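Colleague: Sending over a structure as structure tokens; questions will come in a sec.
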Amino acid sequence: MITRFVILRRRQGLNKVDFSSYWEHHHGKLMSKVPGLMKYIQYHVESEIFDNTDFPIDGIEELHFDSEQTLLKALQSPQYKHVVNNENLLFDMRSLCIHPLKTLRTVEFNLQTQG
């Protein structure tokens with residue numbers, strides 16, 4: 001499985017409420033049409049709560065594809081090109097950080113508070 005993480009900042013002049021609404025209701029619908037995309041998660045965040053960074057982030061996208069070939073094919077699709085054409089209305093394109101990863105294995109721990 002290939003997981004693609006994208007660190008996002010909203011475009012200058014776009015408030016958080018409008019950013020979040022547009023990202024969820026418009027951009028999310030566009031992403032749902034990308035062929036081969038198995039799972040798409042949006043994390044709407046406020047990073048400046050936890051640190052005083054000069055460049056807080058507004059969101060993280062998590063995209064799942066079953067293979068590298070599926071990802072590459074999706075990136076060439078007309079549906080994905082439509083997504084890209086829409087992104088400059090929403091994101092600060094100069095600050096996008098894209099991290100595609102091949103999952104070798106997943107280890108999950110279920111932590112419970114002991115009473």
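Colleague: Determine the pairs where a residue that is farther than 20 Å from LEU75 by Cβ, located within region 17-45, has a partner that is modelled with pLDDT under 95 and basic (Lys, Arg) with Cβ atoms under 8 Å apart, the partner being 6 or more residues away or on another chain.
Modeller: Every condition considered, the pairs that remain are PHE19/ARG10; PHE19/ARG11.
Colleague: I would also like to ask the following. Got a sec? Which of LEU111, LEU89 is assigned to a loop (DSSP other than H, G, I, E, B), modelled with pLDDT under 95 and touching a Phe, Trp or Tyr at 6+ places or on another chain (Cβ under 8 Å)?
Modeller: The match here is LEU89.
Colleague: Further, regarding this structure: Give me the residue from region 1-35 that is of a type in the set (Ser, Thr, Tyr) and not in a helix (DSSP H, G or I) and, out of that set, farthest from the chain's Cα centre (by Cα).
Modeller: Only one residue fits best here, namely SER32.
Colleague: So LEU104 ticks every box in (1) assigned to a helix (DSSP H, G or I); (2) surrounded by fewer than 16 Cβ atoms within 10 Å (Cβ to Cβ) but one. Which box is left unticked?
Modeller: For LEU104, the exception is condition (1).
Colleague: I've got another one for you. Filter region 48-63 down to the residues that are within 18 Å of SER21 (Cα to Cα) and not in a strand (DSSP E or B), then identify the one that is modelled with the highest pLDDT.
Modeller: ASP58
Colleague: Follow-up question, since we're still on this one. Could you tell me how many of the residues in region 57-115 are more than 14 Å from MET1 (Cα to Cα), of a type in the set (A, V, I, L, M, F, W, C) and out of contact with any strand residue (DSSP E or B) (no Cβ under 9 Å at 6 or more places or on another chain)?
Modeller: Summing the residues that are more than 14 Å from MET1 (Cα to Cα), of a type in the set (A, V, I, L, M, F, W, C) and out of contact with any strand residue (DSSP E or B) (no Cβ under 9 Å at 6 or more places or on another chain) in region 57-115 gives 8.
Colleague: Oh, and also: Looking at GLN42, GLN69 in this structure, which one is surrounded by fewer than 12 Cβ atoms within 10 Å (Cβ to Cβ), modelled with pLDDT of 95 or more and not aromatic (Phe, Trp, Tyr)?
Modeller: GLN69
Colleague: When both residues are 6+ apart or on different chains and their Cβ atoms are under 8 Å apart, which pairs have a first residue that lies in region 84-99 and is within 17 Å of GLU24 (Cα to Cα), and a second that is polar (S, T, N, Q) and in a strand (DSSP E or B)?
Modeller: Here the result reads none, with nothing in region 84-99 linked to a residue that is polar (S, T, N, Q) and in a strand (DSSP E or B).
The values are calculated or read from the model by the stated rules, or taken from the named source; none is laboratory data. Remember, it's a predicted structure, so these values are computed and weren't measured experimentally. Backbone-built Cβ (ideal geometry, glycine too); neighbour counts: all protein chains shown.
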